[in-house]
Structure formats: structure tokens, C-alpha cells
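Okay, structure first, notes after.
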Amino acid sequence: MSASLNAVDGPLVEFRSVTKWYGAVIGVNDVSVALQSGITGLLGPNGAGKTTLIKLLTGQLRPSLGEIRVCGQPAHSARARRHIGYCPDADAFYEEMSGRQFVRTMARLHGMSSAEVQDRTEQALSEVGMSDRADRTLRGCSKGMRQRIKLAQALVHHPDVLIVDEPLNGIDPVGRRELMDLFRRCAARGQAVLISSHILDEMDELADRIVFMGRGRILAVGSLPDIRAMFAGQPLQIRIACRQQRELATQLIGWEHVARIELAGTNELLLQVIRPEEFFARLAVLVVETSFDITHMESTDATTEATFQYVMSAAARF
Amino acid sequence: MNSLIPQFVASRHLFALTMRRQLLSRQTLACVALSALCALIVLAWSRHSDPTSKKLAEQVLVPTFVAFLMPIFAICYGASGIGGEREDQTLIYLLIAPLPRSLTYFVKGAASLSLVGGWTAGTLFVLCKLAGKPGDELFRLFLPAALLGALAYGCLFLLLGAVFRHGTIISLVYWFFLEVLFGNLPGIIKRVSVAFYVRCMVHDAAGDMNLGPPGRVAREMFLPVSGSTAMITLCTATICLLIAGMVLFDLREYRDAS
């Protein structure tokens, strides 16, 4: 981690009323958001403004209105780029190089000395699990290997802010787990990790915070439970596994919190619950007072995907 | 001061990286092939019964080297300086490097122009050597004009490569229409072309040989400028194009770089 992180007061990244126009088309519209250390998921449908937001953050685009600061520096300045590691979505490299040469090249473009280049390159390759395979020419590497090399070049200068665009594309399940662990390690070191992804399932367990975007605006920001809580009026889906399926259903059907009950299989109930906190408190009392043998209970729509659907349908009403 | 040393180290590496990638590219193959073709033409011409410096300049060097090879070198390495990175989609790695964009452009331009200048001087030297004694005299006369012309072309095509998505094609179109067609039109319209000033410098340097368009009418329509004016024009054009490129590259938003 670079020493700069400690010197920065306030958020690592700050968007202040940022608007970006492409001629008559608006890319992002009055966006204000701050990023701190930890993992932030950037979600939204195609055309939501995610790519524009990332390009603004990496200094590729300049805002039409507002300002973006990275560790206190304007995002389009060279000083800000010292704090940013960017792993682009495009599968493009200096194809004639080996993975190791490519990461070294990027380290040199950050102005490191030869000794530093050597150390940091090996460190970055080791972090992405490519130390022993990085001498292969990039044009002969698999998609997963290329993705890891791309990530290594983003990590090589120990950035304060790591921006990764669709990082898990083309990575096998074991690799995904490794990269998710890597992002968690980066966050634990105090780095702000911004992940733009379409794989919503992985965001459930990975992201500390989610930024939902739609039509150029930020629709919701916060942890998944926080965002879900914004939709308290929306019934929560709950699955309960209980040996006394029918007896439990008979008890629950009279509760005002329960909007709907469905029997699934021989021992499962699917519920739609209004005001879930009150429901859970009352259910706990019921289970203690009676002998219902509940073996499993989960909310099926507290996932990123379900919350995403809520946010998008809410946004569509405006 | 703290950021100057890393910027210097990064710039030095970018220069070397650009030189290496440009040298080991398709463009080099094209330059080698076309230079070899011109060398064969010079060899064939050297069998001429009465080879003189004037004939070598008018029959070979001006039409093949000044009008053809020199701009081709500049298109090959100039247009691909930034344009090649755009086509390979690797420009993003330069845009996210912590170098000021104008410096990135300058360093890439310096590397590309070094190659353009090197190829121009080297090929001119080889062609003049192959031509024998008449060539020895012409090398000295052609070199300053050829180098200045090559640098002006290089800066122009570097700029076109940075501004337009298909910079190489646009550079070829520019070269054909503005340099080849307009450059040979009568009157002052040819003064927008680089080749005109190169020819003026060569004609001025080789005053004793009485070089120039054949025939009285053609000479009168050529309307040349003096050698020093041509030199100042080429130097000014080179510097202005380089600065314009640095400013445009700094301000430009590359939406195709992901």
C-alpha cells in the first residue's frame, strides 16, 4: 500500500455533482458518490452509465459539470493516476510480450526503478497466481490467464483505488474464488475496490457496498440489507424447511404479516412476508413455544439480483 | 521534483518501448520492401551510359525518394505512433499511466520521428552510394531537405493518427490528394504541401545543377520560394504540428479506448 493513503483525509474517491454529456446524450447525470476503502459493486443494466462513470474516474473522460477527486487530486491529472489501478474489460495487450514482460512494462510506465520493477512485478504476479505461468507469450494465454495478467498490471504499483471492469469473465470457478479472495485482501489493506460486474451472485458475498445505476443516475447506494430495507413495503420472500409443514402453514396463515403461503415439496414453505422484522420476532416466539422442527430458513430475495430487480422496477416508476 | 524522476524514468521506457514495437512491426517490412525496390531502380539507373548528378536527382531521387519513399516512411511510423495503439486497443494502458498526456504524445512522437529520420537518412545514404559518384555529391545536398521534410511529414501523420480512428488510411488519402495532386498543380495552391518546400530546398542547395521542373513553362508555373524560406516553413510546420498534437491529445477523449 502506498504511503499516500494515510495522508488523505476524507474519501479516496469523490464524485461531486458530476454530469457528462456526449453531445445531446447524457452519460451520467448529477452523480454524487464517495468511495472509501472496501469493496464496492457497481451494478446497472446496459446503458446505465457504469462505463462512463469508470472512464471519468480513470481520467479518460472529463466531466461536463462537477468534479471528481481521487485522493484529493482531480481525476484527469497524472497525479491522480498514480493512485489508480485499472483493469479494463477489453482483452487487449501488447500481444508479443510475455505476461511477465507486460506487467514489468506497466511497472516501468509508473516510473519505478529497476529493482522496484522486479520486486513489484513478482509480487503482483504472485497475488494473481501467475508466478509460474507468466513467461508464456500473451497471445498464447487462455482468457483466464490474460484476465489475471491484466489484474496484475493494475496491482503492480500498489494503487489506493483499484477499478476492475468485469473481472470474473472467463475465469473458472476455482479462479473466481481466488480472485474474490484477492479483492478481499486488497480491501483489508485499506484499498478502495470498485467492481463493475454483471455476475450479481458474486456481489452478494463480495461487495461491502453496492452502487446501483440506471439511466445515468445513481439509484441506490449502500449495503444490500440497507438497500433492501428501503423497500420495506415490498413483501420479502422467505423459504422455511420444516418437518411439520402443514401444521406450521396453518399457524402462519392467520398472521397479518404473511401475505402469501405456498407449500413446496413435502417439507418446505414459501412465504411472502410484510414487515419482516415483526414476523421474525413472532416466529421465534412460536418456535420456542411449540415443537416445530425448523431445519432451514432463508430469504430468497435479499440477494443482489432480487434487490437489483426492486431498484430497477422502482426506478422505472419515476 | 518528487514526480519528475519517475516521469523521466517512465518517459525513457515509453520511448524505448515505442521504438522497439515500431521497429518490430509490419511497417518495417513495408519500409524494407519499398526501399529495396527503390534500390533496384537506382541500380538499374546507374547502368545509364552518362550518369550525372543532375539526372540522378531529377530522374530518380526526386520522384522516388522525395515524392514517394520519404512520405511513406512518415506514414508508416508517424501515423502508427498513436494510431497503432488505438488500432491495437492498447492506448488505454498509456492513458492510465501516470504521465501527463502531452508528455506521452511528445515521447511517442520523439520515438516515431527518430525512426522516420533514421530511415530517411539511411535510405538516402544507401541510394546515393548505390548510384556511385553522382550520388556522393547529392547526399550532402538532399540530406537537410529530406530530414526536415520527413520530420514535418512525421508530425503531420502523428497528429492525424492521434485525431482520427483510422489514421493510416486518412494519412494515405491526405498524401495522395494534397501532396501528390495539389503538390503538382500550377500556382500557389501547392504551397500547402510539404513536398513543395522540400523541392525548393533541394533546388536552392543544388543551384549549380539548375535543378527544377523541365521546360520553361513548368519552371515559371512552379513559383518556388527561397531555400531559407522553405527551411523556416518546414521547421515552423514541424514545431506547430507537434505542439498542436500535444494539446489535442491532452484534451481529446478517446471513447473507443476501454
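The values are calculated or read from the model by the stated rules, or taken from the named source; none is laboratory data. Note that this is a predicted model, so its numbers are computed, not measured. Here Cβ is always computed from backbone atoms with ideal geometry, including for glycine, and neighbour counts include all displayed protein chains. Heavy atoms of the whole protein, side chains included, go into the accessibility calculation; ligands, DNA and RNA do not. Shrake-Rupley method; radii C 1.70, N 1.55, O 1.52, S 1.80 Å.
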Check: If you take the residues of segment B:244-258 that are among the aliphatic types (A, V, I, L, M) and at pLDDT 95 or above, which of them is nearest to residue B:107 (Cα to Cα)?
Finding: B:246
Next item on the list: Would you check which residues across segment A:118-139 are open to solvent by 60 Å² or more (accessible area, probe 1.4 Å), over 13 Å from residue A:107 (Cβ atoms) and part of a helix (DSSP H, G or I) and list them?
Entry: A:126, A:139
Check: Can you tell me which residues in segment A:66-117 are of a type outside the set (Asp, Glu), at the interface with chain B (Cβ under 10 Å from one of its Cβ atoms), part of a loop (DSSP other than H, G, I, E, B) and touching a strand residue (DSSP E or B) at 6+ places or on another chain (Cβ under 6 Å)?
Finding: A:83, A:88
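Okay, residues lined up against (1) open to solvent by 40 Å² or more (accessible area, probe 1.4 Å); (2) part of a helix (DSSP H, G or I):
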| residue | (1), (2) |
| --- | --- |
| A:259 | yes, no |
| A:266 | yes, no |
| A:270 | yes, no |
| A:279 | no, yes |
| A:284 | yes, yes |
| A:287 | yes, yes |
| A:292 | no, no |
| A:297 | yes, no |
Checklist line | Residue in segment B:229-253 that is farthest from the other protein chains (Cβ to nearest Cβ), counting only those that are among the hydroxyl-bearing types (Ser, Thr, Tyr) and surrounded by 19 or more Cβ atoms within 10 Å (Cβ to Cβ) | finding: B:233
Item checked: Residues (in contact (Cβ under 8 Å) with a residue 60 or more places away in the chain, in a strand (DSSP E or B) and open to solvent by less than 10 Å² (accessible area, probe 1.4 Å)) located in segment A:221-251 -> A:238
Checklist line | residue B:57 of a type in the set (Gly, Ala, Ser), more than 14 Å from chain A (Cβ to nearest Cβ) and part of a helix (DSSP H, G or I) | finding: yes
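Of everything in segment B:88-107, what is in contact with a helix residue (DSSP H, G or I) (Cβ under 8 Å, 6 or more places away or on another chain), β-branched (Val, Ile, Thr), assigned to a helix (DSSP H, G or I) and facing another protein chain (nearest Cβ under 10 Å)? Give them in sequence order. Before the answer, list the steps.
Filtering segment B:88-107 down to residues in contact with a helix residue (DSSP H, G or I) (Cβ under 8 Å, 6 or more places away or on another chain) leaves B:91, B:93-107.
From what's left, β-branched (Val, Ile, Thr): B:96, B:104, B:107.
In the following step, the residues that additionally are assigned to a helix (DSSP H, G or I) were identified as B:104, B:107.
Hit for segment B:88-107 is B:104, nothing else.
Per-residue answers, yes or no, for (1) open to solvent by 20 Å² or more (accessible area, probe 1.4 Å); (2) away from chain B (no Cβ under 14 Å):
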{"site": "A:22", "(1), (2)": "yes, no"}
{"site": "A:29", "(1), (2)": "yes, yes"}
{"site": "A:34", "(1), (2)": "yes, yes"}
{"site": "A:38", "(1), (2)": "no, yes"}
{"site": "A:52", "(1), (2)": "no, no"}
{"site": "A:56", "(1), (2)": "no, no"}
{"site": "A:60", "(1), (2)": "no, no"}
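Would you check if residue B:23 is at pLDDT 90 or above and open to solvent by 30 Å² or more (accessible area, probe 1.4 Å)?
Values: at pLDDT 90 or above: yes; open to solvent by 30 Å² or more (accessible area, probe 1.4 Å): yes.
For residue B:23, the condition - at pLDDT 90 or above and open to solvent by 30 Å² or more (accessible area, probe 1.4 Å) - is met.
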Notebook entry, point to check: Taking the stated definitions as given, is residue A:11 touching a Lys or Arg at 6+ places or on another chain (Cβ under 9 Å) and more than 14 Å from chain B (Cβ to nearest Cβ)?
Noted result: yes
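Could you tell me which residue of segment B:17-30 is nearest to residue A:80 (Cα to Cα), considering only residues that are assigned to a helix (DSSP H, G or I) and within 9 Å of another protein chain (Cβ to nearest Cβ)? Outline the logic, then answer.
Going through segment B:17-30, the residues assigned to a helix (DSSP H, G or I) turn out to be B:17-23, B:26-30.
Checking which are within 9 Å of another protein chain (Cβ to nearest Cβ) leaves us with B:17, B:21.
Values: B:17: 24, B:21: 28 Å.
Among them, the one singled out is B:17.
Residues are listed down the side, and each one gets a yes or a no for (1) of a type in the set (A, V, I, L, M); (2) buried (at least 17 other Cβ atoms within 10 Å of the Cβ); (3) in a helix (DSSP H, G or I):
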{"residue": "B:8", "(1), (2), (3)": "no, no, yes"}
{"residue": "B:12", "(1), (2), (3)": "no, no, yes"}
{"residue": "B:33", "(1), (2), (3)": "yes, no, yes"}
{"residue": "B:65", "(1), (2), (3)": "no, yes, yes"}
{"residue": "B:74", "(1), (2), (3)": "yes, yes, yes"}
{"residue": "B:82", "(1), (2), (3)": "yes, yes, yes"}
Notebook entry, point to check: Only one of these conditions is not met by residue B:119: (1) free of Cβ contacts under 8 Å to residues at least 60 places away in the same chain; (2) away from chain A (no Cβ under 14 Å). Which number is it?
Noted result: (1)
Next item on the list: Given the conditions (1) at negative phi; (2) open to solvent by 10 Å² or more (accessible area, probe 1.4 Å); (3) under 27 Å from the mean Cα position of the chain (by Cα), report the number of the one that residue A:154 does not fulfil.
Entry: (2)
Check: Condition test on residue B:110, is it away from chain A (no Cβ under 14 Å), within 21 Å of residue B:10 (Cβ to Cβ), in a helix (DSSP H, G or I) and open to solvent by 20 Å² or more (accessible area, probe 1.4 Å)?
Finding: yes
Note to self: Step by step: first the residues of segment B:90-106, then only those that are open to solvent by 10 Å² or more (accessible area, probe 1.4 Å) and within 23 Å of residue B:156 (Cβ to Cβ), then the one that is farthest from the chain's Cα centre (by Cα). Which residue is that?
What the structure shows: B:100
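Condition first: out of contact with any Ser or Thr (no Cβ under 7 Å at 6 or more places or on another chain) and buried (at least 19 other Cβ atoms within 10 Å of the Cβ). Now tell me which residues in segment A:177-192 satisfy that. Lay out the reasoning, then the answer.
Start the filter on segment A:177-192 by keeping residues that are out of contact with any Ser or Thr (no Cβ under 7 Å at 6 or more places or on another chain), which leaves A:177-186, A:188-189.
Answer for segment A:177-192, where residues must be out of contact with any Ser or Thr (no Cβ under 7 Å at 6 or more places or on another chain) and buried (at least 19 other Cβ atoms within 10 Å of the Cβ): A:179, A:182, A:183, A:186.
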